[in-house]
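Some notes on the structure that comes next.
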Amino acid sequence: MNYHVLFSFHLYAALKKTKSKKVLNWIIIILAIYVAGGAGVYFLQEKILFHPVILPADYHYKFNIPFREIDLVVTKEKKLSIVEFTVPDSLRRGVVLYFHGNMRNINRYAHFAGDFIEHGYEVWMMDYPGFGKSTGPRTERIICDDALRLYTMARARFAADSIIIYGKSIGTGVAAQLAAEVKCKRLILETPFYSIEALAKHYFFIYPVPLMAKYKFPIYQYFGKIKAPITIFHGSNDEIIPYTQAKRLAELNKTNVELITLEKGKHNNLAEFPLFHQKLDSLLRE
């Protein structure tokens, strides 16, 4: 065989082998990154979903609205921290059970109580386990059980048709689950998601989210069980929970669900829109 031909053949074989090795190495690297990323999403999902700030047991809230603080002892390891923003007996029309978002604790959301107080509604807020002064383990089931405890307390003082259930962000999952199980006057959801899985797929679409998610909150499933009218507030430019999630929910039951779209509204600024207050005021006057 011609020397040059033989040399060219060996050179080609060597290059092909080297190229195959490089491709294999890149595949291994990509798989390693994929697996590491998936492990991070799985093991860090609590930190992705929840951003609590713990408060000492002897911490005293200070608000400009009259309130009562309740530390409900559930077990030796578990305590549920509740703040009841009150109105005078002569003006009281009902109560709003307000399930807040995933940030800090009640301190962050207390100022929203004023929107309801002025219409004669008390506002009761609880902190999820690990938030504020609430203690004990945190799971989806535990959070929903705590929500039912809050509702049971409310029913001891208010008729079901005087109770409004309100959820904000992650709290929309809690509120919707509760409204599916109990009677209430109305369910109001601010920036809801279709389900945690649907939201996670938006961010981590390359992973088998249903197999990885510890929290589900399938709001779309709850909607089929909720008898009370439902109002949804969502900004068209929500950068955390896409507006399409709210649209999907609204399309599940067009006769019982009203979607209020805040044009150019984002995740945390809906209260800055006049339309938000106009519609909320209208609902609370009913």
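Can you give the percent of C-alpha pairs in the stretch 106-195 whose distance is more than 23 Å?
19 percent
Can you list the residues, at least 5 places off or on another chain, whose amide H is less than 5 Å from the amide H of Gly132, using H built in the peptide plane?
Those lying under 5 Å, H to H, from Gly132 are Val53, Ile54, Leu55.
Considering the stretch 174-286, what Rg and Dmax in Å follow from its alpha-carbon atoms?
Answer for the stretch 174-286, Rg first and Dmax second: 14.3, 46 Å.
Using mean Cβ contacts within 10 Å as the protection proxy, how do 96-103, 162-169, 240-247, 279-286 order, highest first?
For the peptides 96-103, 162-169, 240-247, 279-286, the packing ranking is 162-169, 96-103, 240-247, 279-286.
Would you mind working out the magnitude of the charge dipole of the stretch 52-285 relative to its Cα centre, with +1 at each Lys and Arg C-beta and -1 at each Asp and Glu C-beta, to the nearest 20 Debye? It would help to have the intermediate numbers written out before the result.
Working: 31 positive and 24 negative charges, 92 e Å.
Charge dipole of the stretch 52-285: 440 debye, to the nearest 20.
Can you list residues from other chains, or at least 5 along the same chain, whose modelled amide H is less than 5 Å from the amide H of Phe67?
Thr86
Plugging the Kirkwood radius over Cα pairs into Stokes-Einstein for the stretch 35-193, at a temperature of 10 °C and a viscosity of 1.306 mPa s, what D comes out in µm²/s?
Numbers: Rh = 16.1 Å.
Reported coefficient: 99 µm²/s.
Laboratory data are not the source of any read-out in this text; all were calculated from the coordinates shown. Computed from a prediction, not measured in an experiment: that's the story for all the values here. Backbone-built Cβ (ideal geometry, glycine too); neighbour counts: all protein chains shown.
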